[in-house]
Amino acid sequence: MNAATETKGRAGQRVAQGAQRLPLSDVVVIDFTHVIAGPFAAMILADLGATVIKIETPERGDTARGTPPHEDGISHFFAAVNRNKQSVAINIKTADGKRMLDKLIAQADVVLHNFRPGVMEKLGLAYEDCLKLKPDLIYCAISGFGQDGPLRDRPAFDGVIQAMAGLMSLTGEAGGAPVRAGLSVGDYIPGLYAAFAMAIALRERDRSGKGQFIDVSNFDCLFNIMGYYIPHYELTGKVTERNGGAHPTVVPMGGFPTADGYIVVAAFNQTFWRNLCKALGKTEWLDDPRFVSLSTRAKHSALLFAELSIALKMKTTAEWEKIFDAGDVPCGPVLNVADLINHPQIKHRRLTGRLGVGRMSAPMRPVKYRGIEQDVWLSPPQLGEDTLAVLEKFGCIDVAKDPQQLELWARAGVIQDPALPPAEHTEGGKAKRKN
């Protein structure tokens, strides 16, 4: 074993590529999260320079690591939300592992987890426990239904949250079954809210010197984006039903078949409605009493959609896109993943980037800051890839002084790192100390 020489690489890579010059470069995050919501929140902070230390259980790690397909031992699912992080594999249920973790937390700014309520308490890592280690700590807990309420203890994943927060009641064809949105919005949106909340808490700590407990509920976050559907119901008494891709009040808005595919048209106001009619060569619709306003178009939406479907089938998607662009009609083709990767707008805006793992790329930070470039300075880590480097940097271990003890801990399943031997037994075993 040559652990001492193995501890510098990825940390040095991070510095060399400029992460230390980003807005959150002085922030340390201890990240206990797994799957999507929490890892996505942590990655947003990592992309802006935060040192994100991903705490994982030796031998197992983040559940997402097991999701195929893989390349170079890394799951595509895991890679998409775990760039720019360092993986530290320690068994926090052992006395030695917990001691190392406590030392990390004492030097951190943020602790983030997405366990069910009660799990961190059982591990001795509740907010109150962590405050004893770092009094101004920001502690963010993401869970399905929040830290209180009648559903507090219920397990929840994206599909459950989409169903219960109302999204699936709005998604699907008229008269058909409710449909889950193709993306895991029940995870990604809470991740966005959590990242925003942590950034705000850091800003408040700059002013007050005080930390914060942040309670993020996947259910709450998805309910929040129900937006205008709530006052619409209260004003009309009508529950909005599924209606395919159409909008309940903005007509016409939706997807229509063309000669070779589909195109979405959105005539959100009277100006765009006039533009649409002119582009289609249907100026007679402008004076048709059934179509003169949003409200009359909504009443006769079935007829209007049938007429639009007939008209739009006369040309290809590309032909209509060109015509509508010239006529200032909001429109867009229905693009799939292959279309997107090669789209000129995606390339111009540098919205994807290589992850440093085989052929894999992923969406990059969508918000552009002038003078701050997006980069992947740390590829998604192998399990425990940074354990020794991080623990030594934060004074939890001394690699050069006691290599035999490190081997003992590794064999006992207390820590895991590529420079150490594999565990001989896993969770539940105690590490032997040198005499």
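Within region 21-41, count every residue that is among the charged types (D, E, K, R) and buried (at least 24 other Cβ atoms within 10 Å of the Cβ).
1
Determine whether Gly38 is touching a Cys at 6+ places or on another chain (Cβ under 9 Å) and within 21 Å of Val357 (Cβ to Cβ).
Numbers: touching a Cys at 6+ places or on another chain (Cβ under 9 Å): yes; within 21 Å of Val357 (Cβ to Cβ): yes.
The answer is yes for Gly38.
Taking the stated definitions as given, is Leu222 touching a residue at least 60 places away in the same chain (Cβ under 8 Å), under 23 Å from His247 (Cβ atoms) and touching a helix residue (DSSP H, G or I) at 6+ places or on another chain (Cβ under 7 Å)?
Details: touching a residue at least 60 places away in the same chain (Cβ under 8 Å): yes; under 23 Å from His247 (Cβ atoms): yes; touching a helix residue (DSSP H, G or I) at 6+ places or on another chain (Cβ under 7 Å): yes.
Yes, satisfied.
Taking the stated definitions as given, is Gln405 in contact (Cβ under 8 Å) with a residue 60 or more places away in the chain and assigned by TED's automatic domain parsing to the domain that holds His76? Spell out the reasoning first.
On the way: in contact (Cβ under 8 Å) with a residue 60 or more places away in the chain: no; assigned by TED's automatic domain parsing to the domain that holds His76: yes.
So Gln405 fails the test.
In region 375-391, what residues are small (Gly, Ala, Ser) and assigned to a loop (DSSP other than H, G, I, E, B)? Don't jump to the end; show me each part of the working.
Of region 375-391, the ones small (Gly, Ala, Ser) are 379, 384, 389.
Within region 375-391, Ser379, Gly384 qualify.
Only one of these conditions is not met by Ala106: (1) over 19 Å from Leu24 (Cα atoms); (2) surrounded by fewer than 24 Cβ atoms within 10 Å (Cβ to Cβ); (3) touching a helix residue (DSSP H, G or I) at 6+ places or on another chain (Cβ under 8 Å). Which number is it?
The single condition Ala106 does not satisfy is (1).
Taking interchain pairs and intrachain pairs at least six residues apart, which have beta carbon atoms under 7 angstrom, with the first residue in region 274-295 and outside the structural domain of Glu307 (by TED's automatic domain parsing) and the second charged (D, E, K, R)?
Filtered contacts from region 274-295: no entries.
Taking region 103-122 as the search range and keeping residues that are touching a Lys or Arg at 6+ places or on another chain (Cβ under 7 Å) and part of a loop (DSSP other than H, G, I, E, B), which one is farthest from Leu222 (Cα to Cα)?
Among those that are touching a Lys or Arg at 6+ places or on another chain (Cβ under 7 Å) and part of a loop (DSSP other than H, G, I, E, B), it is Ala108.
Here is a list: Leu183, Leu202. Which entry is in contact (Cβ under 8 Å) with a residue 40 or more places away in the chain, in the same structural domain as Val111 (by TED's automatic domain parsing) and either outside any loop (DSSP other than H, G, I, E, B) or not charged (D, E, K, R) (or both)? Walk me through it before giving the result.
Details: Leu183 fails: in contact (Cβ under 8 Å) with a residue 40 or more places away in the chain.
The unique qualifying residue is Leu202.
Suppose we filter Phe268, Phe291 for residues that are under 36 Å from the mean Cα position of the chain (by Cα), aromatic (Phe, Trp, Tyr) and either farther than 24 Å from Gly175 by Cα or surrounded by 17 or more Cβ atoms within 10 Å (Cβ to Cβ) (or both); which single one remains?
On the way: Phe291 fails: under 36 Å from the mean Cα position of the chain (by Cα).
Among Phe268, Phe291, only Phe268 is under 36 Å from the mean Cα position of the chain (by Cα), aromatic (Phe, Trp, Tyr) and either farther than 24 Å from Gly175 by Cα or surrounded by 17 or more Cβ atoms within 10 Å (Cβ to Cβ) (or both).
In this structure, is Ala298 surrounded by 13 or more Cβ atoms within 10 Å (Cβ to Cβ), more than 38 Å from the chain's Cα centre (by Cα) and part of a helix (DSSP H, G or I)?
Details: surrounded by 13 or more Cβ atoms within 10 Å (Cβ to Cβ): yes; more than 38 Å from the chain's Cα centre (by Cα): no; part of a helix (DSSP H, G or I): yes.
Answer is no for this residue.
Return the residues of region 247-265 that are crowded, with 19+ Cβ neighbours inside 10 Å and in a loop (DSSP other than H, G, I, E, B); say none if nothing qualifies.
Result: Val251, Pro252, Thr258.
Taking only region 42-70 into account, find how many residues are outside any helix (DSSP H, G or I), surrounded by fewer than 19 Cβ atoms within 10 Å (Cβ to Cβ) and not basic (Lys, Arg). So that I can check it myself, show each step before the final result.
If we filter region 42-70 for residues that are outside any helix (DSSP H, G or I), which is where we start, we get 48-62, 67-70.
Those still in the list that are surrounded by fewer than 19 Cβ atoms within 10 Å (Cβ to Cβ) too: 59-60, 67-70.
Pick out the ones that are also not basic (Lys, Arg) and you get 59, 67-70.
Summing the residues that are outside any helix (DSSP H, G or I), surrounded by fewer than 19 Cβ atoms within 10 Å (Cβ to Cβ) and not basic (Lys, Arg) in region 42-70 gives 5.
Could you list, in sequence order, the residues of region 194-211 that are crowded, with 22+ Cβ neighbours inside 10 Å and either in contact with a Cys (Cβ under 6 Å, 6 or more places away or on another chain) or polar (S, T, N, Q) (or both)?
Ala194, Met198
Can you go through Ala326, Ala338 and tell me which one is over 26 Å from Phe78 (Cα atoms) and either free of Cβ contacts under 8 Å to residues at least 24 places away in the same chain or hydrophobic (A, V, I, L, M, F, W, C) (or both)?
Working: Ala338 fails: over 26 Å from Phe78 (Cα atoms).
Matching residue, one of Ala326, Ala338: Ala326.
Within region 324-360, work out how many residues are small (Gly, Ala, Ser), modelled with pLDDT of 95 or more and either surrounded by 15 or more Cβ atoms within 10 Å (Cβ to Cβ) or not in a helix (DSSP H, G or I) (or both).
Result for region 324-360: 2.
Considering only region 127-147, how many residues are surrounded by 17 or more Cβ atoms within 10 Å (Cβ to Cβ) and either within 21 Å of the chain's Cα centre (by Cα) or assigned to a loop (DSSP other than H, G, I, E, B) (or both)? Step through it out loud before you land on a result.
Narrowing region 127-147 to residues surrounded by 17 or more Cβ atoms within 10 Å (Cβ to Cβ): 127, 130, 133-134, 137-146.
So of that shortlist, the ones also either within 21 Å of the chain's Cα centre (by Cα) or assigned to a loop (DSSP other than H, G, I, E, B) (or both) come out as 134, 137-146.
The qualifying residues number 11.
Tell me, yes or no, whether region 335-342 has at least one residue that is under 20 Å from Ile55 (Cα atoms) and polar (S, T, N, Q).
Going residue by residue through region 335-342, those that are under 20 Å from Ile55 (Cα atoms) are none.
No: zero hits.
Would you call Ile214 of a type in the set (Val, Ile, Thr) and within 20 Å of Gln107 (Cα to Cα)?
Details: of a type in the set (Val, Ile, Thr): yes; within 20 Å of Gln107 (Cα to Cα): yes.
In short, yes.
The values are calculated or read from the model by the stated rules, or taken from the named source; none is laboratory data. On a predicted model such as this, the values are computed, not experimentally measured, just so you know. Glycine gets a Cβ as well: all are built from the backbone with ideal geometry, and neighbour counts include every protein chain shown.
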